[in-house]
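Data first, discussion second: the structure below is written as structure tokens.
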Amino acid sequence: MIPGAPHAHSGLTTGAVMQRVLVAMLPGIAALLWYFGPGTLIQIVLAGSAALAAEALVLRLRRLPLEPTLADGSALVTGVLIGVALPPLAPWWLAVTGSAIAILIAKHPYGGLGYNLFNPAMVAYAALLVSFPDALSQWSGPRPLLPEGAPPGLVDALQRIFGGHDTAPDGFTMATPLELFRENSGLLVQQFYTTHPLLARGDLAGVGWETVNLGFLAGGIYLLARRVITWHAPVAMLAALVLLALLCNDGGSSASQGPPSLHLFSGATMLGAFFIVTDPVTTAASKRGRLLCGLLTGVLVFAIRAWGGYPDGVAFAVLLMNLAVPLIDRVTVPRAYGQPTRRRHHEKAPE
Amino acid sequence: MSQTWTFPGGLLLPAHKHASSATPIRTAALPPELILPLGAAAPLIAVGDSVLKGQLLAAAGSDGLPVYAPTSGHVAGIEFRPQAEVVGPCAVLIPDGAERWIERAAPVDPATRTLPELLAAVRAAGIVGLGGGGFPTHIKLAPAQPIDTLVVNGMECEPYITADDRLMREEAAAIVAGVRLAARLLGDPVRILIGLEDDKPQATAAMTTALTATDGNQKMDIVVLPSRYPAGGERQLIQLLTGRQVPSGGLPQDVGVICINVGTLYALHRALAFDEPLLSRIVTITGGACREPANYRALLGTPIAHLLAASGYQPELCEHLLLGGPMMGTPLANLQAPVTKTTHCVLALTATELPPPRDPQACIRCGLCADVCPASLLPHQLLRHAVARDHRQLERHHLFDCIDCGACAYVCPSAIPLVDHYRVAKAEVRALRAERVAADHARRRFEAHQTRVARQHEERGARHAELLGTSGVDANASASDPVTPAPVATDLVQQARERAGAATPRRAQLERALSAAENRIAQLETQLAALDATATESRRNGLRARLAQARLDGDLARRRLHALPVESPSTGDGNPQ
């Protein structure tokens with residue numbers, strides 16, 4: 001094909017877009033490291049390098065050039081997302097297996113970058129969650145609640161991650177706010193918030209967890225400002241969560257599903273809203289489609305948290321929505337310039 | 001100031017306009033030769049003839065309008081010369097430098113002339129849309145529908161180009177006079193809106209002065225709009241100024257608007273007030289490979305190389321030579337191509353100004369393209385369907401509302417040449433549509449033929465009956481003689497109706513598909529046979545692939561037809577069971 005107009009180009013590259021995504025994850029990662037120790041960093045390095053290695057392997061097998069695709073950073077972003085989602089002291093093979101699943105199963109069989117139907121990081125997380133539920137629920141407690149006053153150091157974390165089963169996470173392990181809330185019975189929300197130290201020492205949704213979520217929120221705002229993502233999906237998802245939480249909040253009885261702040265600032269809410277639901281490859285194409293996608297993801301996340309079998313539901317909700325995206329894309333084609341408006345369209349229809 | 005609206009999407013582009021907008025319009029020196037495309041019409045001059053400025057050379061050029069000699073001189077040849085995009089018969093005129101005009105009648109005050117006279121004069125002057133559209137102005141000025149708004153396009157939104165900007169600074173009064181003439185021809189629209197981008201303060205000032213200086217009874221408004229590509233696109237400007245959207249596939253006049261470029265209005269004024277045909281236009285010559293970027297008043301037919309040379313063109317620095325702007329221009333391969341009525345800019349860009357295109361990468365559906373699309377399309381979805389050649393989805397995603405502005409490809413982080421994909425897809429869909437029309441036409445002709453044969457047969461039968469003097473029953477019997485067992489005419493007509501109409505939609509559809517496929521096979525076979533040795537392998541393979549596809553389509557339709565339950569012609573409704 002002879003290259004035609006336009007001849008000018010903005011100079012923006014896919015690599016630059018991915019770089020901005022990585023930069024935007026820094027505040028959230030920093031909060032994770034502060035509250036939960038350097039384990040997350042090790043998980044990120046593990047998952048990131050495994051993702052790159054898997055990507056290189058597939059590219060080699062598919063006889064595609066390595067350099068442009070590895071350099072665009074998409075595999076790295078997938079790996080980092082997996083690393084962030086894993087418990088900081090999870091054994092090393094979890095991160096490696098996760099990255100391998102993401103790249104080898106969720107990404108390339110569909111055609112590689114841009115063609116995968118499901119978000120690779122979420123496929124990996126969901127696969128690990130159903131295969132190794134125990135290992136995935138071993139989150140250590142946040143810094144202020146630990147008896148030593150600090151999470152395990154780098155050497156300790158390395159030993160635990162690479163040490164094998166006999167040094168499985170022990171005293172550090174602590175339930176996450178969402179897990180706590182699931183197990184709540186017989187306490188009013190008010191009482192629950194004051195009696196449990198994790199929630200009592202936080203302002204919104206548990207000490208540590210709320211800061212991590214605020215960190216990812218900050219990163220999300222950066223992505224919005226750099227126009228890497230649009231507001232539609234995240235705002236719709238968060239709005240759905242808040243609305244449903246309010247709707248199910250019967251004045252704070254023990255049967256309520258938790259206040260909106262708990263749903264907004266705990267678990268993977270902000271990571272999901274700004275880094276997962278916005279994944280361009282697997283979300284809807286149009287703005288209206290993205291609104292719908294975000295909204296339904298929020299509904300599913302809340303439903304899984306409130307009535308499902310898992311304390312958090314971002315990964316499953318996202319995967320279910322990914323499945324619906326082709327259909328959403330079909331019904332949300334925007335009206336192009338000069339096309340009849342919907343009303344005029346209906347008036348014409350009987351002809 | 002009148003109300004303005006916005007259009008979706010759009011881009012802020014680096015303007016690069018100062019290089020050429022700073023200097024006044026220069027008049028290019030007479031080139032050694034002028035190349036004047038003649039179109040298909042027979043020239044009215046012969047080689048060796050002396051011609052005068054403004055003398056008619058051919059009754060109709062490639063745009064269907066008369067071709068004039070832009071200056072005096074002699075005709076050195078009538079031959080095939082390459083133009084920017086085509087090669088065609090051209091008159092080669094060697095100027096004599098005397099600039100002797102042909103004898104002209106003294107100009108008549110346009111105010112005293114009737115509208116048909118004025119329109120005829122616009123046509124005779126050979127004026128077309130000079131903003132790049134090239135649409136004949138006398139047709140635009142005689143709309144079939146009532147016009148309430150005249151939009152004057154002085155936006156010039158593409159980077160580098162400053163031809164309209166300079167013209168407005170220097171000839172504002174003439175442009176305003178042209179606006180008044182156009183308004184009169186359009187039956188004095190209620191509103192006249194002059195759209196200008198906010199990066200042209202001098203032009204705006206000049207136009208404002210010209211407006212206040214003339215005391216027309218017509219109210220005109222200058223509306224300054226933010227610079228945002230492609231705000232100067234006709235459809236976008238109409239939306240910005242009136243809030244109306246030109247219907248898809250329609251014309252501005254469908255919403256009561258006519259939009260004319262300032263350069264065209266200037267030419268209109270010259271033509272009607274001075275009886276001057278369109279002999280020259282303003283061309284921007286700019287880019288980093290030109291030492292002295294400037295605008296030129298260039299005679300039509302001036303070789304582009306001549307203007308480039310005047311601007312200090314440095315071929316060794318030039319990486320891209322474009323006809324038009326960086327967003328919608330086309331690569332210019334031949335420097336000897338002449339300036340035509342639609343040549344508004346020649347861009348000689350260096351490698352630093354315009355780096356060579358990167359290799360395209362996979363689309364990550366980031367949606368930046370959809371954010372900037374002024375037609376509210378989903379370029380990433382269009383790409384997907386264009387690659388898959390899913391024509392139904394392409395039309396559902398309004399491929400044909402794409403205006404080729406290039407905003408999507410400009411922002412694409414994967415450097416995908418989106419507009420190229422759309423151009424190919426549009427050509428494919430158009431070809432298929434034409435094929436379908438041709439097949440339908442053939443089918444209708446065939447049915448008409450069958451009906452005719454049947455009627456003749458019946459008439460013959462009736463004549464036989466008359467001659468034999470037998471009863472009507474016998475006539476019918478003789479009509480269905482065993483040699484040619486033609487069905488009764490009414491049945492045939494009925495069948496034809498059923499085939500064409502909705503009586504048996506499935507069968508009709510399949511038959512249409514079958515005949516379309518057979519047509520396509522025949523066409524492709526001839527095309528394939530007609531390919532000579534110079535045809536590229538990819539073209540040959542493309543034809544072969546399409547042929548194979550057509551055969552598959554035909555087989556499928558045939559098999560499905562056979563599988564349909566056979567219906568007797570007597571069951572009029574013919575509903576498939």
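The values are calculated or read from the model by the stated rules, or taken from the named source; none is laboratory data. Treat the numbers as computed from the prediction; the structure is a model and nothing was measured. Here the Cβ positions follow ideal geometry from the backbone for every residue, glycine too, while neighbour counts run over all protein chains shown.
Would you check if there is a residue in the range A:248-255 being more than 14 Å from chain B (Cβ to nearest Cβ), hydrophobic (A, V, I, L, M, F, W, C) and free of Cβ contacts under 8 Å to residues at least 24 places away in the same chain? The answer is yes; a qualifying residue exists. I'd like the full set of residues that are outside any helix (DSSP H, G or I) and under 26 Å from B:Ile25 (Cα atoms), limited to the range B:169-196. Listed by number, the residues that qualify are B:Leu193, B:Ile194, B:Gly195, B:Leu196.
Of all residues in the range A:307-326, which are farther than 19 Å from A:Met270 by Cβ and away from chain B (no Cβ under 14 Å)? Those that are farther than 19 Å from A:Met270 by Cβ and away from chain B (no Cβ under 14 Å): A:Trp307, A:Gly308, A:Gly309, A:Leu320, A:Leu323, A:Ala324.
Taking the range B:40-64, which residues are crowded, with 20+ Cβ neighbours inside 10 Å and modelled with pLDDT under 90? The answer is B:Pro43, B:Gly61. State all residues of the range B:137-168 that are part of a loop (DSSP other than H, G, I, E, B), closer than 13 Å to B:Leu237 by Cβ and touching a strand residue (DSSP E or B) at 6+ places or on another chain (Cβ under 6 Å); if no residue qualifies, say none. The answer is B:Met155, B:Cys157. Looking at the structure I just gave you, is A:Val96 over 30 Å from A:Leu199 (Cβ atoms) and either of a type in the set (Asp, Glu) or more than 14 Å from chain B (Cβ to nearest Cβ) (or both)? Against the criterion (over 30 Å from A:Leu199 (Cβ atoms) and either of a type in the set (Asp, Glu) or more than 14 Å from chain B (Cβ to nearest Cβ) (or both)), A:Val96 qualifies.
Regarding the range A:99-108, can at least one residue be identified that is at pLDDT below 90, of a type in the set (A, V, I, L, M), assigned to a helix (DSSP H, G or I) and surrounded by fewer than 21 Cβ atoms within 10 Å (Cβ to Cβ)? Looking through the range A:99-108, none of the residues is at pLDDT below 90, of a type in the set (A, V, I, L, M), assigned to a helix (DSSP H, G or I) and surrounded by fewer than 21 Cβ atoms within 10 Å (Cβ to Cβ).
Scanning the range A:56-75 turns up at least one residue that is among the charged types (D, E, K, R), crowded, with 22+ Cβ neighbours inside 10 Å, within 14 Å of another protein chain (Cβ to nearest Cβ) and not in a helix (DSSP H, G or I).
From the set of residues in the range B:415-431 that are touching a residue at least 24 places away in the same chain (Cβ under 8 Å) and facing chain A (nearest Cβ under 8 Å), which is surrounded by the most Cβ atoms within 10 Å (Cβ to Cβ)? Explain how you work it out, then say what you get.
First, the residues of the range B:415-431 that are touching a residue at least 24 places away in the same chain (Cβ under 8 Å): B:415-418, B:421-422, B:424-426, B:428-429.
Now narrow it down to the ones that are facing chain A (nearest Cβ under 8 Å): B:415, B:417, B:424.
Values: B:Ala415: 18, B:Pro417: 21, B:Val424: 15.
Restricting to residues being touching a residue at least 24 places away in the same chain (Cβ under 8 Å) and facing chain A (nearest Cβ under 8 Å), the top hit is B:Pro417.
Hey, does the range A:220-243 have a residue that's surrounded by fewer than 24 Cβ atoms within 10 Å (Cβ to Cβ), touching a residue at least 40 places away in the same chain (Cβ under 8 Å), away from every other protein chain (no Cβ under 14 Å) and of a type outside the set (A, V, I, L, M)? Yes, the range A:220-243 has at least one match. Of A:Ala47, A:Ala8, A:Ala51, all but one fail to be more than 14 Å from every other protein chain (Cβ to nearest Cβ), over 24 Å from A:Thr211 (Cα atoms) and crowded, with 22+ Cβ neighbours inside 10 Å; the exception is A:Ala51.
A count restricted to the range B:291-328 and to residues that are aliphatic (A, V, I, L, M), surrounded by 19 or more Cβ atoms within 10 Å (Cβ to Cβ), over 16 Å from B:Leu354 (Cα atoms) and in contact with a Phe, Trp or Tyr (Cβ under 9 Å, 6 or more places away or on another chain) stands at 3.
Counting the residues of the range B:348-402 that are closer than 14 Å to A:Ala285 by Cα, at the interface with chain A (Cβ under 7 Å from one of its Cβ atoms) and within 22 Å of the chain's Cα centre (by Cα) gives 3. If you filter the range A:107-126 down to residues that are over 19 Å from A:Ile44 (Cβ atoms) and free of Cβ contacts under 8 Å to residues at least 60 places away in the same chain, you find that the one that is farthest from the other protein chains (Cβ to nearest Cβ) is A:Pro109. Applying the criterion of being within 13 Å of another protein chain (Cβ to nearest Cβ) and in contact with a helix residue (DSSP H, G or I) (Cβ under 8 Å, 6 or more places away or on another chain) to the residues of the range B:331-347, the residue that is nearest to A:Leu291 (Cα to Cα) is B:Cys345. Taking the criterion of being surrounded by 20 or more Cβ atoms within 10 Å (Cβ to Cβ) and outside any helix (DSSP H, G or I), the residues of the range B:113-131 that qualify are B:Ala125, B:Gly126, B:Ile127, B:Val128, B:Gly129, B:Leu130, B:Gly131. Note on the range A:143-159: residues that are under 13 Å from A:Pro88 (Cα atoms) and not in a helix (DSSP H, G or I) total 3. Checking each residue in the range B:360-384 for being in contact (Cβ under 8 Å) with a residue 24 or more places away in the chain, assigned to a loop (DSSP other than H, G, I, E, B) and touching a helix residue (DSSP H, G or I) at 6+ places or on another chain (Cβ under 7 Å) picks out B:Gln361, B:Cys363, B:Ile364, B:Cys366, B:Cys373, B:Pro374, B:Ala375, B:Leu377. Within the range B:231-261, if we keep just the residues that are within 8 Å of chain A (Cβ to nearest Cβ) and part of a loop (DSSP other than H, G, I, E, B), the residue that is surrounded by the fewest Cβ atoms within 10 Å (Cβ to Cβ) turns out to be B:Gly249.
Only one of the numbered conditions (1) aliphatic (A, V, I, L, M); (2) over 17 Å from the mean Cα position of the chain (by Cα); (3) modelled with pLDDT of 90 or more is not met by A:Ala349, and that is (3). Among the residues in the range A:8-30, are any without any contact (Cβ under 8 Å) to a residue 60 or more places away in the chain and at positive phi? Yes, the range A:8-30 contains a residue that is without any contact (Cβ under 8 Å) to a residue 60 or more places away in the chain and at positive phi. Does B:Cys412 fit the bill of being crowded, with 24+ Cβ neighbours inside 10 Å, at the interface with chain A (Cβ under 7 Å from one of its Cβ atoms) and not polar (S, T, N, Q)? No.
Regarding B:Ser2, is this residue away from chain A (no Cβ under 14 Å), closer than 30 Å to B:Ala231 by Cβ and in a helix (DSSP H, G or I)? Here the answer is no, as B:Ser2 does not meet what is asked. Of all residues in the range B:3-34, those that are surrounded by 16 or more Cβ atoms within 10 Å (Cβ to Cβ), among the β-branched types (Val, Ile, Thr) and more than 30 Å from B:Leu377 (Cα to Cα) total 1. Surrounded by fewer than 16 Cβ atoms within 10 Å (Cβ to Cβ), in contact with a Pro (Cβ under 6 Å, 6 or more places away or on another chain) and charged (D, E, K, R): is that true of B:Asp188 in this structure? Criteria not met by B:Asp188.
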